[in-house]
Structures are given as C-alpha cells and as structure tokens.
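Read the structure below first, then the notes.
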Amino acid sequence: VQFYDQRADALLMRDFRERLLAMNKIDLPDAFLRRWISASNEGALTMDLIEKDYPGFAENLRWSMISDKIKTDSGI
C-alpha cells in the first residue's frame, strides 16, 4: 500500500508541476543564462552541452520560481 501511495503522490506532483508551468509562462533571459552557465562552470561545459541541457535547466528554474512564489504566498 505504501508503494502505491508514493507513486500516486509522485504522479499528482508531476501533474501539478506540468499544469502550473503551462499556466504560468515565464520569459527568461535565455542568452544571458547560457553565458552565465558557461561562466559559472569556468568553461568546463561546451556550448553544445549547454544548448542540449538548457531546456531542462530553464524548466527547473521556472518551476523553482513558481514553487517559491506559492510557498511565500501561502506562508509555508
């Protein structure tokens, strides 16, 4: 039973995340963020790798912004 509860919670959270990301379009300064990723990793990442991984980074950043706002507004 615990396994199914955990899976159900994970599915619900994934659905919340997808829905909130779709409802809250946040424009990011993409060119700046790509340069920042490169600079903060001291050139250890190639631009090809940054380009490949950037969509996931941007989505995680957007989600962090949304969840932080929800936490702040809810007093959590």
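The values are calculated or read from the model by the stated rules, or taken from the named source; none is laboratory data. From a predicted model like this one, the values you see are computed outputs, not experimental measurements. Methodologically, a virtual Cβ is constructed for each residue, glycine included, from the backbone with ideal geometry; neighbour enumeration extends over all protein chains shown. SASA here: full protein model, heavy atoms, side chains in, ligands and nucleic acids out. Shrake-Rupley method; radii C 1.70, N 1.55, O 1.52, S 1.80 Å.
Mind checking the dipole of the chain: about its Cα centre, +1 per Lys or Arg Cβ, -1 per Asp or Glu Cβ, Debye to the nearest 20? Please report the intermediate quantities before stating the final value.
Details: 11 positive and 13 negative charges, 32 e Å.
Roughly 160 debye, rounded to the nearest 20.
Using the alpha-carbon centroid of each, what span in Å lies between the stretch 32-48 and the stretch 52-76?
Their Cα centres are 21 Å away from one another.
For the stretch 18-64, what value does the Rg/Rh ratio take when both radii are computed over Cα atoms and Rh is the Kirkwood radius, given to two decimals?
Values: Rg = 11.8 Å, Rh = 11.4 Å.
Ratio value, two decimals: 1.03.
Please name whichever of M13, I70, I37 sits farthest to the positive end of the charge dipole of the chain, dipole taken about the Cα centre and charges placed at Cβ: Lys and Arg +1, Asp and Glu -1.
I70
Per residue, how much accessible area does the chain show when a 1.4 Å probe rolls over the protein heavy atoms, in square angstrom?
Solvent-accessible surface per residue comes out at 82 Å².
Quick check: at a probe of 1.4 Å, how many percent of the accessible area of the stretch 1-64 sits on carbon and sulfur atoms? Can you show the working numbers first?
On the way: 2970 of 5220 Å².
Reported share for carbon and sulfur atoms: 57 percent.
Mind checking the angle between helix 47-74 and the chain's longest principal axis? C-alpha axes, 0 to 90 degrees, to the nearest 10.
That helix lies at roughly 40 degrees to the long axis.
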